[in-house]
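Read-outs throughout are calculated quantities, based only on the coordinates presented, and are distinct from any laboratory measurement. Given the structure is predicted, the values throughout are model-derived calculations rather than measurements.
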Amino acid sequence: MEYQVIMEMEHLHDAMLVCSEARVLTIDTEFVRVNTYYPEVGLIQIYDAKRCFLIDPIALPDLQPLGALMLSSSTVKVFHSCSEDLEVFQHAMGIIPRPIFDTQIGAALLGIGFSISYQRLVEYYLGIELLKYETRSDWLKRPLTDNQLKYAALDVVHLHEVYSQELKALSETNRLGWVSEECAGLGLQI
C-alpha cells in the first residue's frame, strides 16, 4: 500500500490539486476524544482511487486548501458512518464537507445491515477481515508509527472499493435516490 504523508503546506497544495480532479474521494479521520468534549484530529486520510494522502493536521495547522476541496460541489466525499468525521471537520475547520455519500446509510438501504460497522461492511463486500488494532491508538502522538499509517491508508482504499460496489447495487435496485434523501434528512447532501 503506497501513501504520501502530507506534513508541509506545499505538499498539501499539490495533493489537493490532484484530489480536485477526482469525481469521488473516500475520506476518513483519526482522532482522540479523551479529555475534551470535542474530537482532536490526529490524521485525515483521502483516497482518489489512485493515490492515498495522509494529512497531518498537527504539522499543518492551516488546512484551508483541504477546506476548499471539502466544499467543492464537483467532488463527492464518501465516508462510512459520517457523523463523527463531520464533527471532526466542523471542530477543526469550521466546515461540513459536501456533497457526501455515507456507506453505512447505503448498506442499510440495501438490507445489508442497519448501523453496520465498517469492519463488517468490508468483510461483506470484499471478503477481507480487517484488524482494528490501531483504532484506539494515540493519533496525537508523533511520530505516527508505520502500522498506524498503513492502517489509516487501508481504511480509505477499502472504502473506495466498498463504495463502488454499493453504488452499483443501489443503482441496480433504484435506491440511489434513497441515499440522497437520507443524507438530506441529516442536513447533508450527496
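Near I100, the amide H atoms lying under 5 Å from its own belong to K77, Q189, I190; only residues 5 or more places off or on other chains count, and H is placed 1.01 Å from N. Angle of helix 176-185 to the longest C-alpha principal axis of the chain, folded into 0 to 90 degrees and rounded to 10: 60°. Between the Cα long axis of helix 146-172 and the first principal axis of the chain there is an angle of about 20°, rounded to the nearest 10.
The length gained on full extension between S115 and S73, counted as 0.36 nm times the residue separation minus their Cα-Cα distance, comes to 12.4 nm. In the chain, the DSSP-assigned H stretches of four residues or longer account for a calculated mean residue ellipticity at 222 nm of -13500 deg cm²/dmol, using -39500 (n - 2.57) per stretch and the full residue count as denominator. The chain gives an Rg/Rh value of 0.94, both radii derived from C-alpha positions and Rh following Kirkwood. Our summary gives the chain a relative contact order of 24 percent, counting only alpha carbon pairs under 8 angstrom and 6 or more residues apart. Phi-derived couplings, Karplus 6.51 cos²θ - 1.76 cosθ + 1.60 at θ = phi - 60°, listed residue by residue for region 49-57: 5, 10, 10, 10, 10, 10, 8, 8, x Hz, with x used for Gly and Pro. Restricting attention to the chain, close to 55% of DSSP beta bridges with both partner residues there are antiparallel.
Any lysines with Cα under 26 Å of the K50 Cα? List them, leaving off those in the same chain fewer than 8 positions away. K50 reaches K77, K132, K150, K168.
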